[in-house]
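Report on the structure given below.
The values are calculated or read from the model by the stated rules, or taken from the named source; none is laboratory data. Given the structure is predicted, the values throughout are model-derived calculations rather than measurements. Heads up, the Cβs are rebuilt from the backbone with ideal geometry, glycines too, and the neighbour counts pull from every protein chain shown.
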Amino acid sequence: MSEMTVISDDELPRGFRFAAVKAGIKPSGKADFAVAVAEEAASAAAMFTSNRVQAAPIAVGRRHLERSGGRVRVVAVNAGNANCATGEIGVAASEQVCKAAAEAFGCEGHEVFPSSTGIIGVPLPAEKLVAALPAVKSALASDGAAFSRFATAILTTDTRPKVAQARVEIGGKTVRIAGVCKGAGMIHPRLVPAVPHATMLVYLFTDAAVEPSILEGFLRTAVEASFNRISIDGDTSTNDTVLVLASGASGAKVGRDDPKFSAALTKVCTSLAKQIVADGEGVGHIVELQIEGAPSDADALTVAKSIAHSMLVKTAWAGSDPNWGRLMAAVGYSGVAVDPEKIAIWFGDLPICINGGRAPEYDERAAHAYLEQREYSIRIALGMGVGRCRFWTSDLTAEYVRINAEYST
């Protein structure tokens, strides 16, 4: 998992402009208002948090997508304030920003998609965002530098921007996909299609021509293999959003179930998902869990989440402690039907556990050294079927506690 990929002008999808300005929401005084504008109404699809407590922009964005028939002209994202647990005042603030943005960019209010991230329970000063719109309008550009500024402005506790891109040839034409996201804490996305799902926000852009209903299918597939396969702390945010826009500017029409487009979109989403884990709050180790031999794929995912959310497992990882008994315990209480005597565990290629007991070749010193790496994999075979999954997670460090103990003060 490398540092942020810089998107060149040639790699950026056609049909969009980007800007980021200082609206005065972040106490740091850094850029905190990011806006993307489609030259023409773009096809759109979104997935939202399954948390029953949802931020105002989630309700507004979902309603706008329904009213517009899945068309979006403007994406307006503020950082520093989640606009959640703010009641009707929060909804009104979100709608106020959308109305002003629609007037600024010559579209309907329901063609504006709002997002917010930051502290929960504080009223959003919508007037600051409205006042910043002229600066946004002046700063809009369709180059990689503008896209990078957009990526930076949406950050909260993140330490770096996160972007990814892919290109694919469809019908003899080049289709570009670029994505940007933020997220470092409060990360355990459980995203569902446009119904009740620090925050994960993801914005994907492509110049392919895709109808909204077809685009939603591609998004579901990509999200399930990426963002729904990561966790930092087990907390599902109130604001989690994944939005994809297709401008059609490339002229390449993408039909239902196109394997090349689907693979490219999933590639971008997977890269972004891994970057989120790599930039997790206080993260010292990035762990890929490879679960196999489960009764079903769903059971494999359940086991992975049980391990990823165990405080005992995560703190052992923080100390590079090869305490594989904690892994066994997490598998056992996951709720999945397992036979302890069939379980096998490897740290990379190192055999740790065979037939439910310590492997004859187990080398504690080698296992400890392996876990001292920044990134590593743990493979667990359950011997109960053909179900499998890959899941990315992290350790739990004292730095994570410090960041979140002081988040609002």
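Worth pointing out:
- Filtering Lys260, Lys274, Lys267 for residues that are in a helix (DSSP H, G or I), outside the structural domain of Tyr376 (by TED's automatic domain parsing) and buried (at least 21 other Cβ atoms within 10 Å of the Cβ) leaves a single hit, Lys274.
- Filtering segment 239-257 to residues that are part of a loop (DSSP other than H, G, I, E, B) and buried (at least 21 other Cβ atoms within 10 Å of the Cβ) leaves Asn239, Asp240, Ser247, Gly248, Ser250, Ala252, Val254.
- Subset of segment 176-192 that is touching a helix residue (DSSP H, G or I) at 6+ places or on another chain (Cβ under 7 Å) and in a strand (DSSP E or B) - its residue that is modelled with the lowest pLDDT: Leu191
- In segment 300-333, of all residues being within 26 Å of the chain's Cα centre (by Cα) and of a type in the set (Ser, Thr, Tyr), the one that is farthest from Asp363 (Cα to Cα) corresponds to Thr302.
- Sole exception among (1) of a type outside the set (D, E, K, R); (2) at pLDDT 95 or above; (3) over 19 Å from Val112 (Cβ atoms) for Val75, by number: (3)
- Unmet requirement for Pro27, which otherwise passes all of (1) on the phi < 0 side of the Ramachandran plot; (2) not in a loop (DSSP other than H, G, I, E, B): (2)
- Answer from Val313, Val338, Val303 - the residue that is farther than 30 Å from Ala398 by Cβ, in contact with a helix residue (DSSP H, G or I) (Cβ under 8 Å, 6 or more places away or on another chain) and surrounded by 19 or more Cβ atoms within 10 Å (Cβ to Cβ): Val338
- Qualifying residue in segment 43-60 (condition: surrounded by fewer than 18 Cβ atoms within 10 Å (Cβ to Cβ) and at pLDDT 95 or above): no
- Filtered residues of segment 251-274 (kept if of a type in the set (S, T, N, Q) and either farther than 27 Å from Pro114 by Cβ or modelled with pLDDT under 90 (or both)): Ser262
- Residue in segment 365-386 that is touching a His at 6+ places or on another chain (Cβ under 8 Å) and buried (at least 21 other Cβ atoms within 10 Å of the Cβ) present: yes
- Test set (1) at pLDDT 95 or above; (2) over 22 Å from the mean Cα position of the chain (by Cα) - Leu65 fails condition number: (2)
- Tallying residues that are part of a helix (DSSP H, G or I) and small (Gly, Ala, Ser) within segment 382-409 yields 2.
- Complete set of residues in segment 123-151 that are among the β-branched types (Val, Ile, Thr) and either touching a strand residue (DSSP E or B) at 6+ places or on another chain (Cβ under 6 Å) or buried (at least 23 other Cβ atoms within 10 Å of the Cβ) (or both): Val136
- So Ser94, is it modelled with pLDDT of 95 or more and of a type in the set (Ser, Thr, Tyr): yes
- The listed residues are Ala76, Ala41, Ala34, Ala85, and the only one of them that is in contact with a Gly (Cβ under 9 Å, 6 or more places away or on another chain) and either part of a helix (DSSP H, G or I) or hydrophobic (A, V, I, L, M, F, W, C) (or both) turns out to be Ala85.
- Conditions (1) farther than 19 Å from Ile25 by Cβ; (2) buried (at least 21 other Cβ atoms within 10 Å of the Cβ); number of the one not met by Ala101: (1)
- Looking at segment 292-381, the strands (runs of 3 or more DSSP E) lying wholly inside it that each contain 1 or more residues that are of a type in the set (Lys, Arg) and assigned by TED's automatic domain parsing to the domain that holds Asp395 sit at 375-381.
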